[in-house]
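No value in this document is a laboratory result; all are computed from the given coordinates. This structure is a prediction, so every number in the text was calculated from the model and none was measured. Glycine gets a Cβ as well: all are built from the backbone with ideal geometry, and neighbour counts include every protein chain shown.
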Amino acid sequence: MSGTKGPADLEREVLKEKLCTACGACVGLCPYFSTVQGRVVMTDSCNLPQGRCHAFCPRTKADMRKLRSVFFKEGQFIPELGSFLGLSMTRASDENIRAGSQHGGSVTALVELAMKEGVIDSAVLTRSDHGLDPSGLFVSRPEDVRQCLGSSFQIPPGLEILNRTLKENRYRKIGVVGTPCKTLAVYKMQNRQFEDDPQQPSRIGMVFGLFCGWGIDWQGLERMVKSKASLERVKHIDIPPSQYGIMEVETADGRIEIPLEEIYPIIRYSCRFCADMTAEFADLSIGGARSSAGWDFDRGWNQIIVRTKRGKELLDLARDRGVLEFREAAPANLDKLKKASSNKKKKAIQAIIEKTGDVNNLLYLDPFDPSLENLLPEMK
Amino acid sequence: MSIIDLDAPGQTVLMMGNEAIARGALEGGIQLAAAYPGTPSSEIIGSLAEVAEKMGIYVEWSVNEKVALEVAVSASMAGLRSITAMKQNGLDVASDYLLTLTITGAKAGVVLVVCDDPSSHSSSNEQDSRAFARIGDIPLFEPSTFQEAKDMTQYALELSEELKTIVMLRGVTRISHARGNVTLGSLPRLQRRAKFDTSSPFHYAPVVPKHALVHEKLARAKEYFEASPFNRYEGPDRPDLMIITSGSGMAYTREALSLMGLEDSVGILKMGTTWPVPERLIGKHLPRAQKILFVEEVDPFLESNVKEISADLTPALEISPRTFYGKRSGHIPMVGELNTDRVVDALKRVLGTPYVPRDAAYAKRVREMNKEFVPERVLGFCPGCPHRASLWSIKNALKLDDRDGFLTGDIGCYALARTPSGFSLAKTAGAMGTGTGLACGFGKLGRFGFDQPVISICGDSTFFHAAMPALVNAQYNRSNFVMCILDNGTTAMTGFQTHPGVGRNAVGVPGPAVDIESICRSLKVKVEVRDPFDLKGTGEVLTRLFQEEGVKVIILKRKCALQRLKGESPPYKVHIDPDKCIGEECGCNRVCTRVFRCPGIIWDLEARKSKVDEVICVGCGVCADVCPNSAIVKEEA
C-alpha cells in the first residue's frame, strides 16, 4: 500500500479547505474521484486509510528537501527558482506555431520535437479550442501536438489523463506539460514506489513545466466572458505580455479587452496559496520572456529554465535541429525572474498564514523546503 | 390458471383471501371491476382480470384509485354491480370522491374493498381505514376468515344495492395474502343491460337533506347488522373476560385462548360488521363479563365505538360500569401488527395468568438456525434493475454538482432510493407523486436563499397516477428542478400490472400507449430521454440539467429486469477476470460489491476477489462500466 494517509484526509485537508488545484492527480486512479468544470469531487469513499490520491496530491504535505534531492542532482539550487542549469530566451522557428501561441510557442515546438525524436513516445497536454473549457489531451503522434497550441486560463485536470494512460500500461516515455501544481504531482507520483506497479515511475519521459502566476476560476471566467460576449462566438482568449495588463477575448464579432483588474477577483481561490511560479519540478520550465529590455523586446519570446540534464539535451537538440530560435538571456533576466518568483512565494505564505491564523500552520507547505526556509523567518 | 371462476357450488377450495373476495364479487354478480394496484389489495382485481373474458365482465387497471372508484360507481349508476379494491393509501386518494359519493348515493351494488397494511410491510403509513367508514357514514364489513371474505363481499353488494349507497369491506394483509378453505357458492352470471336513467341524476345538492338521508340509510344498515350472522358470540355464558374482536384479530384470539387453555373461561364477541356498530347486539353481550378486552388491528376503532355505546347503555342495563382493556389501556400496542403473542401478553396482564410460551433460549436458537439455512440479505434492488443504474448516475451527478443537492423520493420499487441499495439518495418520502410536488416547492424557494439542486424521481405508473399534476404545476409556476421518470414499462412493485403507457390493458388487449415523453414535451418543459444503462451519457445529461434553470424532465427508459426475464435472454454473459480484479487494493476496494451492490456480484472471501453469481446475474452488463480496472467482462450472449 502507498502513502500514509487516505481519501478522508485528502477530503478534509485539501477539498474542504478549497486548496485543490484540480490538477487531476487523484482522478482516474479509482472510481471515487471525478472532475467537472475545474472541480474535483469525491463521489464515494473507498474507506481505505491510505491511498495514492493523498500521496500524489500537490497540496498535501511532503518532504520537499528529499523530493528535490531525489530528482534534481545535476543542477545548481537557487532558492527562488529551484534546480538550475541555465536560462534561455527562445521561440519556435516555425511561424505557424508562433502565430497560435501565447508567447513564443517553444513548448509546442519542444514537445513536437521530443516526440519526433523518440525522447518521449506520447504526451499529456492541454487543449482549449475556443479559449474556454480546456481539457486534458493524450497524444501519441507528433502531428497532434499542435492542437494544444496556446494557453488556457481555466486549468483542466489533465493528470486524470496521465493516470489513465499509466493504467493502460502501453506507453513507456510519456511527456507531461503542466502548470507547477501538476508537475509537482507528477514528481510525487514518480517518487512513490508502488508495490503493485514498480515500473510506473520510470514511464515519465520528460516534464515540461509552465510558469504560472495563477489560474482563473472556471465558472468565474465563464461568467465574466458571458457578461461581455456570447460564449459560442468566443474563438480565443489570451493575456499577451504588455504593460497594459489586459485579457484579450477574440470573438467572431471582434476583440474584447478585459482589464486584469477585473480578472483578479476571479482568480482561482486555491491559486492564492501556491508558492511556485516557475514550475520548480520539471525538466524544462517555460514561460513568457521578461527581460530588462522591455515589452517590445520580449513579445513573442519564451524564457526557459533548464533544470535537468535530459532537459538540457532536448534544448540542445532543438538548437541543432533549428526547431527553436535562441537569444542570449541577460543576467538581469535571471534577477527579474528570481524577484517575481520570490514575490509569489511570499504572497502564498502570507495568504496561508491569514487563512490558518497561525504562523506555524503553513498547511501543505513544508517549512523545511529549501525554497522557502529563507523566506519564513522574515514572514513570521 | 385462476380458481375464482370454478363453477362448482358446494366445493371447498383453498383460496387466497384476495381471491376469496374476487370470488365473492363474482358470486355477487359484478359486471365491472376497476382498481389501481396496491399491496396487499392487488390480486383482487388482478384475478378478476384473468377471468374477465370468460365471465363476460369488464375489468380495468385505472390510472389511480379515485378514477377506479369513479369507474366502478359509473357501473352502479348504470345499473350494474361493481367492485373496486385498493390499499389504504389508495383510499386516501379516492376519498375525495368517496366522501361525496355517500351524499349522492349509488344505484346497483358497489363495494369498495380496502386492504390495510398493519406494520406497513409494503406501505408508506400504518393506517386504519375504518375511520373512513365513520367519516363517510358508510356501512363496513371486516372478514375474519377466507370464507367470510367471500361471503361478506357477496352480501355487501346486496346491501349496497338495497341501501343505494357504497359499502366498504376492510381487510388486512393477513386476510388478503394468507390462504384458507372457502366453500363456493354459485356463479349467478347477472347479465344486466347498462342504462343510465337520466330522470334520476346523482347530485350532491341539496347537501343537508341528502346528508340526512345518508343517516337514514345508516340506521337501516344498523338494523340489518343487529341480526347479521357475521357477528357472533362464542364461549361460556358468563366468562371471566369477554374479548371483542374483528378481522384477523379473531384468529389470534382463538389461538391465544387455546394456547393458554382459556377457552372455557374467556368468551369472544366476533364483530363482522363494524360500522355502524349494532347497539342492541352490544347491549345484549355487555352484561356477560365485567372485564372486556378489545383485539383489533391498528386503531382502537371498535374499542372507542363500543365504549361510547356502553356509556349510553350501562344505566338502562342496570350493570356496573365495565372495565375495558385494549389499546387505550396499553394492553394491546397502539402500533404494529397484531399477532398471537401480543394477545397472549394482553391476556396474561389482564387475567394475571402466568404463561411461558417457550423457553427463553428458543428465539435465539431459531435465529441461529436461520443463519444456517437462510442467506442474509438486505433490502435492495434486483440484479440488473435499471433503477440501480439510474440512481448511480444521479448520485454521481449530484456529487459532482457539489451544491448539497438531494433527491425527493416517491412510491414504487425506487422507494429503495432511501436505502444503501439506492445509495441512500432519497431525502424525502411521501405519497404517490409527492416527490415531484415537493420538488416543485423547493424549486420556488430560491428567493429565500435556497440554492440546492433538487431531483425528483417517479416511475412510469406513478407518473400517470399522481406525478403529472405536480409536473404541470411546476411548469405553470416556473419552478426549478429536475424530474426523473424511471420508465421501466410496468407497475413493477405491485406485480407487473399494466398502465396507460404500456400499450395493453388489464386483460391483455393491445391498445394505444400513452407516451410520457410527448406529454412532457407538450408542457414545453425540457425533456431528455436516456438509457439508464448508458452511465456516461446519463451522467453527462444530469450534470448539465442541474445547471439549467427551469423545469427539466429526464426519462430513463429501460424494461424492468424481472419482466424482461420473462421473455428475453440476457444480453451479456458477464464474468470477472480474477487477474484484473484488484479487490481491496487502492484503486478500487470493492466498488462493485461495496458501493454498487448488485446482488449478481458476490465477494469471494477466500480469494479476496469479486465474482459473478451466475444463478442470479441477468447479464445487464452495467457493472462492467462501474469496474475501474476492466476486470468485469461482458460478452455478447
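A few comments on the model shown:
- Here the sum of -39500 (n - 2.57) over DSSP H runs of 4 or more residues, divided by the residues of chain B, equals -11000 deg cm²/dmol at 222 nm, to the nearest 500.
- Rg(Cα)/(2.2 N^0.38 Å) for the stretch A:102-156, N = residue count: 1.09
- Sorted ascending by nearby beta carbons within 10 Å, beginning with the fewest, B:Ser82, B:Ser47, B:Ser74 become B:Ser74, B:Ser47, B:Ser82.
- Hydrodynamic radius (Kirkwood) for the stretch B:39-145, which is based on Cα pairs only, to one decimal in Å: 14.4 Å
- Relative to the longest principal axis of the Cα atoms of chain B, the long axis of helix B:361-373 lies at roughly 40 degrees.
- Hull shadow area, averaged, the stretch B:543-637 [alpha-carbon convex hull, nm²]: 8.1 nm²
- Descending semi-axes in Å of the stretch B:303-348, equivalent ellipsoid built from Cα gyration tensor: 26, 11, 7
- Proximal charge balance of B:Pro354 [Cβ under 13 Å; K/R count +1, D/E count -1]: +1
- Beta bridges per DSSP with both ends in chain A, % antiparallel, nearest 5: 75 percent
- Pair-distance profile P(r), taking every C-alpha pair of the stretch B:267-362, with 10 angstrom steps and integer %: 14, 45, 30, 8, 2, 0
- In chain A the Cα-Cα distances spread across 20 Å bins starting at 0 as 29, 62, 8 percent of all pairs.
- The convex hull drawn around the Cα atoms of the stretch B:386-566, when projected onto a plane and averaged over every direction, covers 9.7 nm².
- Across every direction, the projection of the convex hull enclosing the Cα atoms of chain B has a mean area of 33.6 nm².
- Phi to ³J(HN,Hα) by Karplus 6.51 cos²θ - 1.76 cosθ + 1.60 over the stretch B:266-272, Hz, x for Gly, Pro: 10, x, 10, 9, 8, 9, x
- Share antiparallel - DSSP beta bridges, the protein assembly as shown, percent rounded to 5: 45 percent
- Taking every Cα-Cα distance in the stretch A:259-348 and sorting them into 10 Å bins from zero, the calculated P(r) comes out as 14, 38, 35, 12, 1 percent.
- The mean number of partner chain beta-carbon atoms within 10 angstrom of a residue's beta-carbon across peptide A:38-48 is 5.
- Per the Kirkwood formula applied to alpha carbons, the protein assembly as shown shows a radius of gyration over Rh ratio, Rg over Rh, of 1.12.
- The stretch B:75-118 versus the stretch A:310-364: alpha-carbon centroid distance in Å: 81 Å
- Under 13 Å from the Cα of A:Lys228 - aspartates and glutamates, other chains or at least 8 residues apart: A:Glu248, A:Glu250, A:Asp253, A:Glu257, A:Glu262
- Per-residue HN-Hα couplings for the stretch B:577-589 [Karplus 6.51, -1.76, 1.60; θ = phi - 60°; Hz; x = Gly/Pro]: 7, x, 6, 8, 5, 9, x, 8, 6, 4, x, 7, 6
- Entry note: the stretch B:315-430 has Rg to Rh equal to 1.24, where both radii use alpha-carbon atoms and Rh is the Kirkwood radius.
- Taken over the alpha carbons of the stretch B:232-306 as equal point scatterers, the Debye sum produces base-10 log I(q)/I(0) values at 0.11, 0.13, 0.14 Å⁻¹ of -0.24, -0.33, -0.39.
- Of the cross-linked pairs A:Lys61/A:Lys338; A:Lys18/B:Lys399; B:Lys395/B:Lys427, those separated by over 18 Å at the C-alpha level are A:Lys61/A:Lys338.
- For the stretch A:218-266: rounded, prolate or oblate by the Cα gyration tensor [a/c cutoff 1.5]: oblate
- Alpha-carbon centroid distance for the pair the stretch A:244-262 / the stretch B:199-267, whole angstrom: 85 Å
- Angle in degrees between helix B:207-226 and the longest Cα principal axis of chain B, rounded to the nearest 10: 70 degrees
- Which of B:Met369, A:Met277 has the fewest Cβ neighbours within 10 Å, and the rest in rising order: B:Met369, A:Met277
- Sorted fewest first by neighbouring Cβ atoms within 10 angstrom, B:Ile244, A:Ile97, B:Ile30, A:Ile267 come out as A:Ile267, A:Ile97, B:Ile244, B:Ile30.
- Taken one residue at a time, the phi angles of the stretch A:152-164 give Karplus couplings (6.51, -1.76, 1.60, θ = phi - 60°) of 10, 9, 8, 9, x, x, x, 6, 4, 5, 4, 4, 5 Hz. Gly and Pro are set to x.
- Taking amide H as placed 1.01 Å from N in the peptide plane, the amide H of A:Leu137 sits under 5 Å from that of A:Leu125, A:Thr126, A:Arg127, each at least 5 places away or on another chain.
- Of every Cα-Cα pair in the stretch B:164-284, the percent that sits beyond 25 Å: 48 percent
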